[in-house]
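Reviewing the structure listed below.
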Amino acid sequence: MAVKALEEGNVVAIPTETVYGLAGNAFSEAAVEKIYSLKQRPFYNPLIVHIKAADFLAKVARDVPDAAIKLANEFWPGPLTLVLKKQKLIPDIVTSGKDTVAVRMPNHPLTLKLLEQLDFPLAAPSANPFGSISPTSASHVHNYFKEELEVILDGGECERGIESTIIGFEEDQPVVYRLGSLSIEDIEDRIGNVFTKTRDDSSPVAPGMLSRHYAPTTETHLAENIGEFIQLHSGKKIGLLLFQHQVDDIPQEHQVVLSKSGNLKEAAKNLYAAMHLLDSLNLDIIIAEKFPDVGLGKTINDKLQRAAKK
């Protein structure tokens, strides 16, 4: 059913190891237009192209740097997206008119099986309305789109739970455009130091660079000192997004601990699901605890900063 829908130019929700995506034929301008329309996503914000194998890369990208090949060999299939010079087959609508394309090979058996049955790659941003919390389960996608999507492939909960890390190359120097579920430390272990350039509100090179993103409908704040922030908002119905430990004086059902053991990978996996849960509780405010600024803690803080009220 999913293969037929995609071949007919329709949009299908697919699972990946990071988050669920809204997928369409990356070679079809009409299919990609449907993705933008369904998400209500601005056309200046490019999409990621998902391929079925590393040897498919040459069909969508050209002039691939050696460092990109090294990273692909190391981390594909997996949560790494590479921004590379695009082939002419990729419509400009996919890349927001830029001469580069973001591409990755996802690591989810259901989606890899789907890609194997297609003779085109899939353009697939996260399966949520533009700017809202990314979906990490099929139920999240259904809650967003209900009757608007005919096919939602249920691949269970996403293993990583946070988007892919995006890396491009400027004058052959690797640049991180989006912090994701592959840590900068892991990348630098393979190719040496990388630069970071993760914010651009006018003409982003890659997805996830806008200042406001991943946001609940409930007013959200990021706090270094949870206790002080709770006092500042006394009298309000407060929800807490915490790393390891609950706090006193707030109902337990309004608190979500992301990893009791202090495991940042586990916390990252649980982040968006926790945000969805707290956003469903009709709270006045969500207060998120700032995480240790190391490894995936940097990524979690980045997502929370973009979700928070400025």
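A few notes on this one:
- A simple spin-label model places pseudo-atoms 7 Å from Cα toward Cβ; at residue 66 and residue 202 they are separated by 3.6 nm.
- Modelled label positions at residue 236 and residue 88, each set 7 Å beyond Cα in the direction of Cβ, lie 5.6 nm from each other.
- FRET E, pair residue 73, residue 217, Förster distance 41 Å, beta-carbon r, rounded to 0.05: 0.50
- Additional length obtainable on full extension of the chain from residue 5 to residue 244, 0.36 nm per residue less Cα span: 81.7 nm
- Protein accessible area in the chain, 1.4 Å probe - carbon and sulfur %: 47
- Prolate/oblate/rounded label for the stretch 37-131 (Cα gyration tensor, a/c 1.5): oblate
- Length-normalised contact order for the chain - Cα pairs under 8 Å, 6+ apart - percent: 19
- For the stretch 103-112, the Karplus equation 6.51 cos²θ - 1.76 cosθ + 1.60, evaluated at θ = phi - 60°, returns couplings of 9, 8, 10, x, 10, 9, x, 5, 6, 5 Hz by residue, with Gly and Pro reported as x.
- The calculated 222 nm mean residue ellipticity attributable to helices in the chain amounts to -8500 deg cm²/dmol, summing -39500 (n - 2.57) over DSSP H runs of n ≥ 4 and dividing by all residues.
- Placing pseudo-labels 7 Å out from each Cα toward the beta carbon at residue 40 and residue 254 gives an inter-label distance of 2.8 nm.
- For residue 72, net neighbour charge (Lys/Arg +1, Asp/Glu -1) across residues whose Cβ lies under 12 Å away: 0
- Rounded to 5, the percent of DSSP beta bridges in the chain classed as antiparallel: 50
- Highest mean first, the peptides 9-21, 276-288 sorted by other C-beta atoms within 10 Å per residue fall in the order 9-21, 276-288.
- Segment residue 59-residue 224, length gained on full extension (0.36 nm per residue, minus Cα span): 54.8 nm
- Computing Rg/Rh (Cα atoms, Kirkwood Rh) directly from the structure and comparing it against [x] 1.41; [y] 1.03; [z] 0.97 singles out [z].
- Peptide packing: for 82-90, 263-271, the average count of neighbouring Cβ atoms within 10 Å per residue gives the ranking 263-271, 82-90, highest mean first.
- Reachable aspartates and glutamates, given that their alpha-carbon falls under 20 Å from the alpha-carbon of residue 4 and they are not under 8 places away in the same chain: 29, 33, 116, 119, 147, 148, 150, 154
- Per-pair calculated FRET efficiency, R0 = 45 Å: residue 116 and residue 263 via Cβ, rounded to 0.05: 0.85
- Fully extending the segment from residue 29 to residue 157, taken as 0.36 nm per residue of separation minus the present Cα-Cα distance, adds 43.1 nm.
- The rule of thumb for compact globular proteins, 2.2 N^0.38 Å, goes into the C-alpha radius of gyration of the stretch 108-221 1.23 times.
- Ordering of 23-30, 187-194 by burial proxy (mean other Cβ atoms within 10 Å per residue, highest first): 23-30, 187-194
The values are calculated or read from the model by the stated rules, or taken from the named source; none is laboratory data. Remember, predicted model here, so these are calculated numbers, not experimental data. So basically every Cβ, Gly included, is an ideal-geometry build from the backbone, and we count neighbours across all protein chains shown. Protein only, heavy atoms only, side chains kept; ligands, DNA and RNA dropped before computing areas. Shrake-Rupley method; radii C 1.70, N 1.55, O 1.52, S 1.80 Å.
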